[in-house]
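Everything on this sheet refers to the single structure shown next.
The values are calculated or read from the model by the stated rules, or taken from the named source; none is laboratory data. Note that the structure is a prediction, hence the values are computed from the model and not measured. Note: ideal-geometry Cβ built from the backbone for every residue, glycine included; neighbour counts use all protein chains shown.
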Amino acid sequence: MKRYYFFLIILLTFSSLRAQTPEEFSIFLDEINGDSLRETVADLQNFETRFCLREGGNKEVAEYIVQRLENYGVNAEIDSFYVQDGHFWLSGDFSSWFYNVKGTLAPAQSSDSIVIIGAHADAIATDANYNLLPLCPGADDNASGVAVMIEMARIIHQFNLLPKHHIHFMAYDAEEIGLVGAYHDAEARVNNQEKVVVMLNNDMVSYQPDDDWKLTFHWYDNAQDISQKAVEVCETYTDITPVIPVGEDNDLRQNSDSYAYDQNGFKTVFAIENTFSAYYHTENDSVQWNNAEFHEHVARYNFAMLFNYGFANLQTLSLDDYASSASVLVYPNPANESATIQLYLPEQTDINTVITDMSGKIVWKYDNKSCAVGIFYIHLDCQNFANGIYFCKIFSNNRNETIKLIINH
């Protein structure tokens, strides 16, 4: 399978970089982590059931998602709402509270437009006779979609990326009983006259045979340009073969949260695994059946789409389009054998870099004069550093900055 490996800089060489190709963009994509996705799925599975009509509902699930998003700098809250005199064919009449999660990341400059990435957090399991079951792990359907949404927040936070539009991270309740949470949110956005650029929906995106990596994009009449962009992005940035259904094969578009947005006039696309999970709506839909590497590439597709609509046009990509608000980043952190210092300079300046240990002793030093405007990288060989905490100190004409680096071999 193809990979995009981009070696940013030769050891101890400091240079300017302008990103114009997918290889440079992979600095972000390569940080997407299948293990991180899997851990989120496992966390959600550990609730044992996320059926929205159970006693107490999914409030604790929503609180977990809020906390995860806030850990990554997203302003998140629970949008709780009450449905009176509802009906679900498996369980009959109900009146119940439901719990959507809405996370918001503000843009770098003023914008009234919104890009949504969403997935339903509830789940359902039945036996062969359609009796509801108390055990409802819902790993693929749809902890996998929620995990992708949270992973987007993690990567954006790691690189301190600043969007050009508002980014909304949505986890919907009560999808399994009629897209209830999605309709609640979409209708509220219509009433508020919100300008939604696109809604990216992920529903069942982690079950796929190793030799058949395909992702289906269910499309909507008013958003065929979005589905075509999804195909382009999937082909460019992942190892997944995109599939666009035709005729009756596209009828599944009515069965997930994106349909509620389409019905309210918003543009959207719905991504789902092409080989349908053998454990759909059963008590066996557990994380052990998830294809972590496939899941990771689904997340790569999502990040590229989110970036294209919410940050910068991928076809005219320049690193200046998404310069970090923090001028210094170090990753990975903690580091093992190597790490990269990323530095954004808004103006030409002289730069000196030192790394000290906890006592203040300089363990590494590098001087570079007259650096031009732009993004700079320096590669650190950490193999000879002892385990512990270090401080990367950047000195320039106009400012001094320090960032902590942890070495853990």
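Couple of notes before you dig in:
- If you go through the stretch 365-378 and keep only what is out of contact with any helix residue (DSSP H, G or I) (no Cβ under 8 Å at 6 or more places or on another chain) and crowded, with 17+ Cβ neighbours inside 10 Å, you end up with Cys371, Phe376, Tyr377, Ile378.
- Test: residue in the stretch 220-238 that is within 22 Å of the chain's Cα centre (by Cα), over 20 Å from His297 (Cβ atoms) and acidic (Asp, Glu): yes
- Failed condition for Asp30, given (1) surrounded by fewer than 16 Cβ atoms within 10 Å (Cβ to Cβ); (2) in contact with a Phe, Trp or Tyr (Cβ under 8 Å, 6 or more places away or on another chain); (3) at pLDDT 95 or above; (4) of a type in the set (D, E, K, R): (3)
- Count of residues meeting criterion [of a type in the set (Phe, Trp, Tyr) and not in a strand (DSSP E or B)] in the stretch 76-129: 1
- Residues of the stretch 73-87 satisfying the condition of being touching a helix residue (DSSP H, G or I) at 6+ places or on another chain (Cβ under 6 Å) and at pLDDT 95 or above: Val74, Ala76, Ile78, Phe81
- Single residue of the stretch 332-353 satisfying the filter (β-branched (Val, Ile, Thr) and within 25 Å of Glu31 (Cα to Cα)) that is modelled with the highest pLDDT: Thr353
- Of all residues in the stretch 56-66, none are outside any loop (DSSP other than H, G, I, E, B), modelled with pLDDT of 95 or more and among the polar types (S, T, N, Q).
- Conditions (1) buried (at least 18 other Cβ atoms within 10 Å of the Cβ); (2) over 15 Å from Phe169 (Cα atoms); (3) out of contact with any strand residue (DSSP E or B) (no Cβ under 7 Å at 6 or more places or on another chain): number failed by Tyr64: (2)
- Residue within the stretch 283-291 that is farther than 26 Å from Arg50 by Cβ and either in contact with a helix residue (DSSP H, G or I) (Cβ under 9 Å, 6 or more places away or on another chain) or of a type in the set (Val, Ile, Thr) (or both) present: no
- Residue check, Lys404 closer than 21 Å to Ser338 by Cβ and surrounded by 12 or more Cβ atoms within 10 Å (Cβ to Cβ): no
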